[in-house]
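First the structure, in the form of structure tokens, and then the observations on it.
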Amino acid sequence: MKLAEVLEQIQEDDPQGEVALHWDNSMACMPDTLPFLEPDQIAENLEWGGLGTTHQAALEEAARHIAGTPALNALAWHAYRRLYDHEDRVDFNHWPVLDDAMNDSSGCFYLLIGLAMVPRTRAAHKSLGVPDAVTRETCLQVACFADNFSRGRYGRLGLFRGQLFWMRNYTQGRLFRLGRFEYRLQPMGPFVHVFRHREQGFTVALSGDGRCYDAAGYAVQTGVAGSWQAAFSLTDDAARGFPIHPAGHVLRHEVTLPCSEWDYVVKPGDYMLDTHIPSGGQMTPEKCLDTMRRGVEFFRRYFPDKPFRSFWCHSWIFGPQLEKVLPETANLVKYMREVYLYPIYSEDGGLWFIFFQDKFDPATAPRENTLQIAVAQYLENGGEWREGGMIALVDDLDRFGHQVYRTRWPEAAKMLGIPS
């Protein structure tokens with residue numbers, strides 16, 4: 001089918017040209033039936049994806065509607081191909097919403113495409129020798145995304161089209177769930193430089209070169225009024241830069257770390273375990289430690305050619321304001337205090353992942369749990385929302401539970417002659 005015919009039949013358009021990319025290629029190899037729309041494959045994908053049989057009838061009905069509608073069938077195959085068979089990035093946020101073509105089951109279209117990650121992920125894991133138990137945990141992301149959709153769309157079944165692209169990470173054998181968290185090996189960006197004192201053992205992170213901060217030490221865009229720019233330099237004798245407090249802000253106090261006393265333990269370009277935290281709660285300290293230990297063991301076993309020394313993450317979860325709005329007993333707060341936080345700049349602050357609104361509106365924002373209530377009140381009272389970054393050294397896992405970066409910070413600050 002021609003794309004113009006498809007768009008006309010489903011009463012949608014393609015203003016960004018996202019759907020048009022590779023369309024003819026997809027149509028040239030389209031099979032008579034799409035495997036991921038077949039009942040047997042749907043049942044298997046649901047089971048591995050953690051959704052069970054509760055939604056099987058609804059998804060099979062949606063699949064029949066798609067298969068029986070030439071325009072939707074062609075679009076489904078093209079979405080599948082763009083997601084799993086092409087390397088270039090695709091922004092499904094610019095794809096059809098399908099509210100007219102599929103009514104209340106529009107979210108099922110993208111859920112069926114997302115569920116198609118299961119057989120591909122299984123094949124990728126099998127080629128690596130990964131145990132089925134890890135594969136099953138990894139495929140649970142489908143259920144996590146479906147839960148996001150349900151909470152954001154008043155209990156409906158589906159998957160947000162904007163989250164669909166993430167599935168590619170699993171099918172390419174890059175991202176694995178190991179207990180509570182997911183991990184992939186990534187080179188460290190130019191955000192922080194981490195040093196450890198050779199004798200005393202405490203850790204100090206310095207800001208990346210050229211990064212901008214406000215008066216309180218939080219990341220802002222270059223040129224913002226009142227901002228200042230950090231610098232970093234490294235010679236054979238010493239590293240020089242601006243220290244980051246482990247609670248997540250940069251101090252405007254330049255320090256020098258002699259190479260004779262400090263080891264440069266994490267630098268840009270080093271591999272680290274890029275950490276992703278799926279929805280679902282139950283982030284107890286015990287589960288956090290367990291998943292981090294499993295992450296180290298797994299990647300050292302299956303990717304021995306890529307040594308790493310740290311965990312790393314950028315997320316709304318590490319926004320420093322969360323320590324202000326959530327009780328100290330909250331699992332999230334406990335975890336934040338076990339890792340070394342640092343500031344990052346972000347435009348939306350990750351509020352979508354809390355409220356599932358395209359743009360936060362306090363008048364209509366759901367307040368169904370402690371987090372939503374606390375964040376909504378904080379923003380209504382004029383609070384500023386930020387995302388944050390974290391880094392944690394693998395060598396410190398044995399001290400997890402002791403807030404090692406914060407408890408030892410006063411010693412480091414005293415040695416460097418900066419406010420603690």
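The values are calculated or read from the model by the stated rules, or taken from the named source; none is laboratory data. Please read all numbers here as calculations on a predicted model, not as lab measurements. Backbone-built Cβ (ideal geometry, glycine too); neighbour counts: all protein chains shown.
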Only one of 111, 72, 51 that is under 27 Å from the mean Cα position of the chain (by Cα) and not in a loop (DSSP other than H, G, I, E, B): 111
Within region 251-272, work out how many residues are in contact (Cβ under 8 Å) with a residue 60 or more places away in the chain and not in a loop (DSSP other than H, G, I, E, B). 9
Answer yes if at least one residue in region 240-250 is exposed (fewer than 14 other Cβ atoms within 10 Å of the Cβ) and not in a helix (DSSP H, G or I), and no otherwise. no
So which residues in region 114-155 are more than 27 Å from residue 78 (Cα to Cα) and not in a helix (DSSP H, G or I), if there are any at all? 129, 130, 131, 154, 155
Where the second residue is acidic (Asp, Glu) and part of a strand (DSSP E or B) and the first is farther than 13 Å from residue 335 by Cα and lies in region 381-398, which pairs have Cβ atoms under 6 Å and are six or more apart or on separate chains? none
Per-region count, region 316-356, residues in contact (Cβ under 8 Å) with a residue 24 or more places away in the chain and of a type in the set (Asp, Glu): 2
Taking interchain pairs and intrachain pairs at least six residues apart, which have beta carbon atoms under 7 angstrom, with the first residue in region 205-225 and under 17 Å from residue 320 (Cα atoms) and the second aromatic (Phe, Trp, Tyr) and modelled with pLDDT under 95? 219/345; 220/345
Could we say that residue 373 is over 21 Å from residue 200 (Cα atoms), touching a strand residue (DSSP E or B) at 6+ places or on another chain (Cβ under 8 Å) and of a type in the set (A, V, I, L, M) here? no
Subset of region 182-239 [assigned to a strand (DSSP E or B), among the polar types (S, T, N, Q) and in contact with a Phe, Trp or Tyr (Cβ under 9 Å, 6 or more places away or on another chain)]: 186, 203, 207, 229
Can residue 413 be described as at negative phi, buried (at least 19 other Cβ atoms within 10 Å of the Cβ) and modelled with pLDDT of 95 or more? yes
Does region 19-36 contain at least one residue that is closer than 18 Å to residue 116 by Cα and in contact with a Gly (Cβ under 8 Å, 6 or more places away or on another chain)? no
Helices (runs of 4 or more DSSP H) (entirely within region 276-361) containing at least 3 residues that are within 22 Å of residue 138 (Cβ to Cβ), in contact with a strand residue (DSSP E or B) (Cβ under 7 Å, 6 or more places away or on another chain) and not charged (D, E, K, R): 285-302
Give 405, 378 a once-over and let me know the one that is of a type in the set (Phe, Trp, Tyr), crowded, with 20+ Cβ neighbours inside 10 Å, under 24 Å from the mean Cα position of the chain (by Cα) and in a helix (DSSP H, G or I). 405
Looking at region 381-399 only, could you name the residues that are farther than 20 Å from residue 315 by Cβ and either assigned to a loop (DSSP other than H, G, I, E, B) or of a type in the set (Asp, Glu) (or both)? 381, 382, 395, 398
Can you find a residue that is surrounded by 14 or more Cβ atoms within 10 Å (Cβ to Cβ), out of contact with any Phe, Trp or Tyr (no Cβ under 9 Å at 6 or more places or on another chain) and modelled with pLDDT of 95 or more anywhere in region 272-284? no
Enumerate the pairs (first residue in region 49-77 and among the β-branched types (Val, Ile, Thr); second residue anywhere and outside any loop (DSSP other than H, G, I, E, B) and surrounded by fewer than 16 Cβ atoms within 10 Å (Cβ to Cβ)) with beta-carbon separation below 8 Å, excluding pairs fewer than 6 apart on the same chain, so at least 6 apart or on different chains. 53/43; 53/47
It is to be established whether one or more residues within region 170-181 are part of a helix (DSSP H, G or I) and of a type in the set (D, E, K, R). no
Conditions (1) at pLDDT below 95; (2) buried (at least 19 other Cβ atoms within 10 Å of the Cβ); number of the one not met by residue 189: (2)
